[in-house]
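Chemist: The structure follows.
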Amino acid sequence: MTYRGSCHCGQVAFDVEGELTGAMACNCSICQRKGSLLWFVPSAQFTLATPDGNAGTYLFNKHLIRHRFCRTCGIHPYAEGRDPKGNEMRAINIRCLEGIDLEAVPVTHFDGRSK
Ligand SMILES: [Zn+2]
């Protein structure tokens, strides 16, 4: 299944391939503020449909995760990082995916504050 995701204004859009079986809600300092629900996929399953430069990059803490946000509307649709094995991953904010039933996606709560 391919999902289309985007920011609010459409300057940042992408396609994600995979089965959305769950998402993670995290209570770390940035996730709490964004309210994002995250779905982690290998970067090969992620295709940007708009120029990379349309999204700004926010770094904090150890700078291990690149939080990408639309320079125009400010929405944070995805982030870039690596899994513990070093594989390049994308963390998709599923609130930015089109045509999904958010209420039907099982959400796991992650304690990112104590990590
Ligand atoms: Zn935008």
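Chemist: Please identify every one of the trypsin sites (Lys or Arg not before Pro) in region 1-103 that sits in a loop by DSSP and has no more than 16 other beta carbons within 10 Å of its own beta carbon.
Modeler: 62, 71, 85
Chemist: Something else now. Rounded to a whole number, what % of the accessible area of the chain do carbon and sulfur atoms account for, probe 1.4 Å?
Modeler: 51 percent
Chemist: Averaged per residue, what accessible surface does region 1-96 expose to a 1.4 Å probe, in Å²?
Modeler: Per-residue value: 54 Å².
Chemist: Classify region 1-78: rounded, prolate or oblate, from the alpha-carbon gyration tensor (a ≥ b ≥ c, eigenvalue square roots; a/c under 1.5 rounded; otherwise prolate if a/b is larger than b/c)?
Modeler: oblate
Chemist: Further, regarding this structure: Can you pull out the GluC sites (Glu not before Pro) in region 39-100 that DSSP calls coil and that have at most 15 other Cβ atoms within 10 Å?
Modeler: Filter output for region 39-100: 98.
Chemist: Once phi is turned into ³J(HN,Hα) by the Karplus curve 6.51 cos²θ - 1.76 cosθ + 1.60 with θ = phi - 60°, what whole-Hz value does each residue of region 21-29 show in order, with x for glycine and proline?
Modeler: 10, x, 9, 10, 9, 10, 9, 5, 4
Chemist: Which of rounded, prolate or oblate describes region 41-115 when judged by the alpha-carbon gyration tensor and an a/c cut-off of 1.5?
Modeler: Because its axes are fairly even, with a/c under 1.5, region 41-115 counts as rounded.
The values are calculated or read from the model by the stated rules, or taken from the named source; none is laboratory data. Quantities reported herein were computed from a predicted structural model and do not represent experimental measurements. Virtual Cβ from ideal backbone geometry, glycine too; neighbours counted across all protein chains shown. With ligands, DNA and RNA removed, areas are computed over all heavy atoms of the protein, side chains included. Shrake-Rupley method; radii C 1.70, N 1.55, O 1.52, S 1.80 Å.
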